[in-house]
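Colleague: Quick one: structure below, then a few questions.
The values are calculated or read from the model by the stated rules, or taken from the named source; none is laboratory data. Everything numeric here is computed off the predicted structure, so don't read it as measured data. Here the Cβ positions follow ideal geometry from the backbone for every residue, glycine too, while neighbour counts run over all protein chains shown. Each accessible area value is taken on the protein alone, full model and side chains, heavy atoms only, with ligands, DNA and RNA left out. Shrake-Rupley method; radii C 1.70, N 1.55, O 1.52, S 1.80 Å.
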Amino acid sequence: MPHAVRPLDASTWDAFAELMERNNGVFGGCWCIGFHPEGAERGLDHREAKRERVFSDRAHAALVFDDNGAAQGWCQFGSPRELTRIKHQRECLKAEPPVPDWRITCFYVDKKHRGQGIARTALEGALDLIARRGGGLVEAIPEVTAGRTAHGHFLFSATVELFEDCGFTRRRQVGKHAWIVGRVLDPR
């Protein structure tokens, strides 16, 4: 199945919203706002908070579309100012690695479209979009899955193996299976 990648912005908001609604807001209604500074606020309307961020260019993602034009997955990325709430934050702050220019924090693939390469396409699309925005150090905190069974709903940050396939290297282990991985992208 051919896939196209487009950035999450005002022109793709409706497709993103349809994907979210089709999947009950994803991850218990998160709407991929959980890594943003306001993500832990009680009573927050996640849909509206995400919409406001997208329309003010403070939320970024690579959306993957199928050949029918429907969004089937994404990879969220942003600056450390946009994505302040990271996995394993306490452990990450124990050392002083260089502050990344970009973070990749979240993936989602529609349940009916998993196993079709959408996560890889989304990551490659995000890397292209990051390079177009100036490149720099990109970090993520995925999980190692080689040699173990990992349930898909716990892999919202994808796998170390996927990132390594896309040129990332392991920098530091921060959880039982979690690693900070990084890659420097040249600007395009």
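Colleague: Using a 1.4 angstrom probe on heavy atoms only, work out the carbon and sulfur share of the accessible area of the chain in %.
Modeller: That share works out to 49 percent.
Colleague: If a/c stays under 1.5 just call it rounded; otherwise compare a/b with b/c (prolate if a/b is bigger, oblate if not). Do that for region 30-69, with a ≥ b ≥ c from the square roots of the Cα gyration tensor eigenvalues. Kindly include the intermediate steps, with their values, before the conclusion.
Modeller: Numbers: a/c = 2.49, a/b = 2.05, b/c = 1.21.
The shape class here is prolate.
Colleague: Same structure again: Testing the spin-label approximation: label points 7 Å from Cα along Cα→Cβ at residue 70 and residue 56. State their distance in nm.
Modeller: It works out to 3.3 nm between the two label points.
Colleague: Residues with amide H under 5 Å of residue 140's amide H, sequence separation 5 or more or different chain, H placed in the peptide plane at 1.01 Å from N; which?
Modeller: 104, 181
Colleague: Write down the Kirkwood hydrodynamic radius of the chain, to one decimal in angstroms, obtained as one divided by the mean of 1/r over all alpha carbon pairs.
Modeller: 16.6 Å
Colleague: Leaving out ligands and nucleic acids, and using a 1.4 Å probe, what accessible area per residue does the chain come to in Å²?
Modeller: The answer is 50 Å² per residue.
Colleague: Oh, and also: Check each of the GluC sites (Glu not before Pro) in region 1-51 and keep only those in coil by DSSP with at most 15 other C-beta atoms within 10 angstrom; list them in order.
Modeller: Passing sites in region 1-51 are 41.
Colleague: How far apart, in nm, are the 7 Å Cα→Cβ label points at residue 42 and residue 161?
Modeller: Here the answer is 4.2 nm between the modelled labels.
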